[in-house]
Amino acid sequence: MSCLKKWKPIFAMIIVEFAFAAVNALFKKVLNGGLDQLVASTYRLAVSAIFLAPLAWYFERNLASKLTARIICSLFFSALLGSTLTQYFFLVGLEYTSTTFSCAFLNMVPVITFVMAVLIRQETVNIKCKSGRAKLLGTLFCLGGALTLTLYKGITLINPSASSTIETDHNKRSWLLGSIFLFAGCFVWSAWFLLQARISKDYPYQYSSTAIMSFFGSIQSAILSFIINRDLSKWILKGGLEILSVIFGGMVGSGFCYVVMSWCVNQKGAVFTSAFSPLIQIFAAVFDVTILHAQIHLGSILGSIFVVIGLYILLWAKSKEAEIRKNPETAEQNGQIVLPITASPPHIEGHK
């Protein structure tokens with residue numbers, strides 16, 4: 001049971017990243033077909049709120065008294081960062097680039113989250129400790145993998161006979177502009193992880209918090225959409241694929257995935273949860289080949305290897321820190337540096 005409890009968050013996040021990759025591949029097809037990004041985001045978040053509301057009522061209906069005005073305000077900004085802006089920036093970047101390239105940018109999320117967590121003292125780094133040095137090393141490997149994925153293509157390994165007009169078309173639609181939007185999406189998503197870590201201390205109820213966040217996000221996305229473009233014809237979904245995309249994306253991408261991520265943030269912290277983001281790129285590459293028939297280059301393989309190595313190192317460091325906090329005397333006897341209790345992350349059980 002102890003082993004199962006230890007591995008449960010890991011398996012949960014692997015499933016989440018696989019689901020995100022499937023949703024992204026599906027949305028890539030409908031965005032290429034002309035579906036507006038903000039309209040897609042609004043429908044997706046609305047479906048998520050409708051899907052989660054009954055679950056929140058059933059499992060957490062006795063917790064309404066704990067939902068204070070401050071928590072509601074925090075969930076509003078959580079929706080703005082984690083739902084509205086993240087999905088809009090990412091969907092725009094996805095339209096201008098490709099599924100694999102867009103998901104490759106998510107490899108930067110653990111690095112950005114880690115740096116921001118250190119700056120606001122949600123995370124500690126003690127280079128005198130093995131776990132501290134491992135956290136830095138794992139972060140550097142993830143960053144190296146992200147740079148490899150982004151800057152180096154290399155030879156084509158799969159679908160070498162695919163038409164080169166695809167890449168020419170991407171260049172015409174401004175690959176650089178797509179990269180800027182993707183980086184902005186990574187930044188606000190990293191900020192969401194840190195904000196969610198704060199919220200989960202006071203309101204660790206995933207169904208209701210995600211339902212409220214999705215509700216706020218759908219309203220924010222709709223308002224932003226009407227500000228940018230008031231063409232009502234864009235709100236009409238065309239065909240079964242677009243309907244399937246918003247329903248599947250809402251229930252899975254904005255519903256199930258965010259519930260699980262909120263739970264993992266509450267259990268393991270923001271850095272642990274964000275460390276799995278690079279897996280999206282690996283799964284996305286599979287969907288690119290099998291569904292979108294895209295090319296796979298050597299740079300994608302090498303970058304993915306670096307990312308996986310960095311992920312394992314970072315997770316090992318986090319597990320060692322957890323052992324040190326639970327058994328500080330044993331750690332001190334083994335020559336390990338014990339981290340200050342006052343600097344422990346906010347998700348530690350019992351922390352007030």
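No lab work stands behind these numbers, since they all come straight from the coordinates. The model shown is predicted, which means the values in this text are computed figures rather than measured ones. Using ideal geometry, Cβ is built from the backbone for each residue, glycine included, and neighbour counts are taken over all protein chains shown.
Are any of the pairs Lys6/Lys201; Lys130/Lys268; Lys66/Lys135; Lys66/Lys128; Lys8/Lys29 more than 30 Å apart by Cα-Cα distance, and if so, which?
Values: Lys6/Lys201 20 Å; Lys130/Lys268 19 Å; Lys66/Lys135 36 Å; Lys66/Lys128 41 Å; Lys8/Lys29 33 Å.
From the list (Lys6/Lys201; Lys130/Lys268; Lys66/Lys135; Lys66/Lys128; Lys8/Lys29), the Cα-Cα distance tops 30 Å for Lys66/Lys135; Lys66/Lys128; Lys8/Lys29.
Order these by the 10 Å Cβ neighbour count, fewest first: Trp316, Trp57, Trp7.
Numbers: Trp316 16, Trp57 13, Trp7 10.
Ordered from fewest to most neighbouring Cβ atoms within 10 Å, Trp316, Trp57, Trp7 come out as Trp7, Trp57, Trp316.
Which ordering of Val307, Val47 is given by a fewest-first count of other beta-carbon atoms within 10 Å?
Working: Val307 28, Val47 22.
Fewest-to-most ranking of Val307, Val47: Val47, Val307.
I'm checking a number: the convex hull volume of the Cα atoms of segment 171-272, normalised per residue, in Å³. What is it? Could the numbers behind the result be given before it?
Working: hull volume 14.6 nm³, N = 102.
Measuring per residue, one finds 143 Å³ for the Cα hull of segment 171-272.
Taking the number of other C-beta atoms within 10 Å as the exposure measure, put Arg44, Arg61 in order starting with the fewest.
On the way: Arg44 29, Arg61 9.
Fewest-to-most Cβ neighbours within 10 Å comes out as Arg61, Arg44.
Please give the Cα centre distance for segment 33-112 versus segment 243-260, rounded to the nearest Å.
9
³J(HN,Hα) across segment 299-311 via Karplus (A = 6.51, B = -1.76, C = 1.60, θ = phi - 60°), whole Hz, x for Gly/Pro?
Coupling constants for segment 299-311: x, 5, 5, 4, x, 5, 5, 4, 5, 5, 4, x, 5 Hz.
Sum up the charges of everything whose Cβ sits under 10 Å from the Cβ of Ala317, counting Lys and Arg as +1 and Asp and Glu as -1, but leave Ala317 out. Please list the in-between numbers first.
Working: positive: Lys130, Arg133, Lys135, Lys318, Lys320; negative: Glu321.
Taking every other residue near Ala317 into account, the sum is +4.
Ordered by residue, what ³J(HN,Hα) values in Hz, to whole numbers, does segment 115-124 give under the Karplus form 6.51 cos²θ - 1.76 cosθ + 1.60, where θ = phi - 60° and Gly and Pro are x?
The phi angles translate into 5, 5, 5, 5, 5, 9, 6, 7, 10, 10 Hz.
For segment 188-204, what does the Karplus curve 6.51 cos²θ - 1.76 cosθ + 1.60, with θ = phi - 60°, yield as ³J(HN,Hα) per residue in whole Hz, taken in order and with x for Gly and Pro?
Result, ordered by residue: 6, 5, 4, 5, 5, 4, 5, 5, 5, 4, 5, 4, 5, 5, 8, 9, x Hz.
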